[in-house]
Amino acid sequence: MTDSILFEPLLLGNIKVPNRIAVAPMCQYMANDGCAAAWHTQHLMSLAMSGAGLVMIEATAVSRQGRITHGCLGLYSDANEDALGEILYHARRIAMPGTEFGIQLSHAGRKGSAHRPWEAPGGSLTGPDAWRTIAPSEIAHRAGWQLPEAASDDELNEIEEDFRQAAVRAKRLGIKVLEIHIAHGYLLHQFHSPLSNTRQDKWGGDGVRRMAFPLRIARSVRQVGDEIAVGARITGSDWSEEGLTLRDAVMIASQLKEIGIDYACVTSGGIPVNHSTNSSPEAEHPSLASAIKSETGLITRAVGLITSPVQANEIIAAGLADQVAIGRGFLDNPRWGWHAAHDLGVEIPYPSPYAWASPKEWSGFKPRTVF
């Protein structure tokens, strides 16, 4: 294949990344009071050599209360900043040429104070390990989860400052791409969706007021400076007749563009619904991204069930999105980018100590990315 657009560079705001492959931000649940630990050293240094042009660090809490679990990464203290900075210092020294690191900033809202996914019994913590959660409205995430308290204006002011401070910390760490999490059922998505926001004040009611708080956060983070690319992960659909639709997604994406947000990563779901209107939502993400791209002109990223290089390349070549995010593919194969280059007929530089394993040097090379 000669038309390998997947390996063409991309401009996100003023930040140039060497190809269209991003490592999706994947929660690891292995931090200590928000501080990156030994697991993150292995995880981020491995991904630095993966061949992806952009490595998005996992959903990172802007406050202790904003964590999902006790193991969630944070950027709310000097200790958090120092721990992540130490790992990034070493990861950058071994990273593939041109690779940039980004970070996703998030607040869990009513999905906070939860067990790690692999812990029994799941759902909300109880007892002394639990903490108070807040949300737009007093509606639990699911049956059996903690009932959140409706956030006050003072608390929303604090959350805005938490996002702003986290953005400043990320900038000090040399992180060049910031992503505001407005999806997957976390706090900013909770404000945007009518399924979780029943307020009748300036932060709820119609679609314009429901997106007001996420946009307020976006304006605050955007003030970090034009030398940083700022994007948002947004919800293309709640997959419910009563929830967010593609029209809502286009509306918030248009407003994000006016604020100066540089790209949108388009996903879906995350707010529990009784009867989903789609049995395979991840398969629809490229078409949702395409609609956002065509309606707003924003740079878009598609994510979800993208497994092979040919599939990823076709999404870009067809104009459905400008970038793709791969998650589980990189967990399964941390050299996904190397193998994708081989499959698409592109030669990329290997780290010198690993060059003996490149296709032209080793007869045992076996691509793993064609399914």
Can you report the number of residues in region 134-171 which are surrounded by fewer than 18 Cβ atoms within 10 Å (Cβ to Cβ), aliphatic (A, V, I, L, M) and within 30 Å of Glu100 (Cα to Cα)?
1
Quick check on my filter: what residues within region 118-133 are of a type in the set (Gly, Ala, Ser), in a loop (DSSP other than H, G, I, E, B) and surrounded by 10 or more Cβ atoms within 10 Å (Cβ to Cβ)?
Gly122, Gly123, Ala130
Close pairs (8 angstrom Cβ cut-off, 6 or more residues apart or separate chains): farther than 8 Å from Ile134 by Cβ and at pLDDT 95 or above in region 149-160, outside any helix (DSSP H, G or I) and not hydrophobic (A, V, I, L, M, F, W, C) anywhere
Glu158/Ser63; Ile159/Ser63; Ile159/Gly66; Ile159/His107
Among the listed residues Leu10, Leu73, Leu44, which satisfies the condition of being of a type outside the set (Phe, Trp, Tyr) and crowded, with 24+ Cβ neighbours inside 10 Å?
Leu73
Scan region 79-117 for residues that are assigned to a helix (DSSP H, G or I), within 27 Å of Asp162 (Cα to Cα) and either among the aliphatic types (A, V, I, L, M) or in contact with a strand residue (DSSP E or B) (Cβ under 6 Å, 6 or more places away or on another chain) (or both) and jot them down.
Ala79, Asn80, Ala83, Leu84, Ile87, Leu88, Ala91, Gly109, Arg110
Sort out which residues of region 51-63 are of a type outside the set (A, V, I, L, M), more than 14 Å from the chain's Cα centre (by Cα) and over 11 Å from Ala108 (Cβ atoms), and write them in order of number.
Gly51, Gly53
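Residues are listed down the side, and each one gets a yes or a no for (1) of a type in the set (Gly, Ala, Ser); (2) more than 20 Å from Ile306 (Cβ to Cβ); (3) surrounded by 18 or more Cβ atoms within 10 Å (Cβ to Cβ):
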{"residue": "Pro18", "(1), (2), (3)": "no, no, yes"}
{"residue": "Gly34", "(1), (2), (3)": "yes, yes, yes"}
{"residue": "Ala48", "(1), (2), (3)": "yes, yes, yes"}
{"residue": "Gly51", "(1), (2), (3)": "yes, no, yes"}
{"residue": "Leu54", "(1), (2), (3)": "no, no, yes"}
Matching residues in region 36-67 - criterion: being within 23 Å of Thr126 (Cα to Cα) and free of Cβ contacts under 8 Å to residues at least 60 places away in the same chain:
Ala61, Arg67
From Ala83, Ala79, which residue is within 21 Å of the chain's Cα centre (by Cα), under 30 Å from Ile261 (Cα atoms) and either surrounded by fewer than 17 Cβ atoms within 10 Å (Cβ to Cβ) or small (Gly, Ala, Ser) (or both)?
Ala83
Would you confirm whether any residue within region 207-221 is part of a helix (DSSP H, G or I), of a type in the set (Lys, Arg), surrounded by 22 or more Cβ atoms within 10 Å (Cβ to Cβ) and at pLDDT 95 or above?
yes
Filter region 279-305 for residues that are modelled with pLDDT of 95 or more and outside any helix (DSSP H, G or I) and give the result.
Gly297, Leu298, Ile299, Thr300, Arg301, Ala302, Val303
Please determine whether any residue of region 61-71 is on the phi < 0 side of the Ramachandran plot and in contact with a Leu (Cβ under 6 Å, 6 or more places away or on another chain).
yes
Please go through region 242-278 and pick out each residue that is in a loop (DSSP other than H, G, I, E, B) and touching a Pro at 6+ places or on another chain (Cβ under 8 Å).
Glu242, Gly243, Leu244, Ser268, Gly269
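The values are calculated or read from the model by the stated rules, or taken from the named source; none is laboratory data. Computed from a predicted structure; not experimentally measured. FYI the Cβ positions are ideal-geometry reconstructions off the backbone, even for glycines, and counts take in every protein chain you see.
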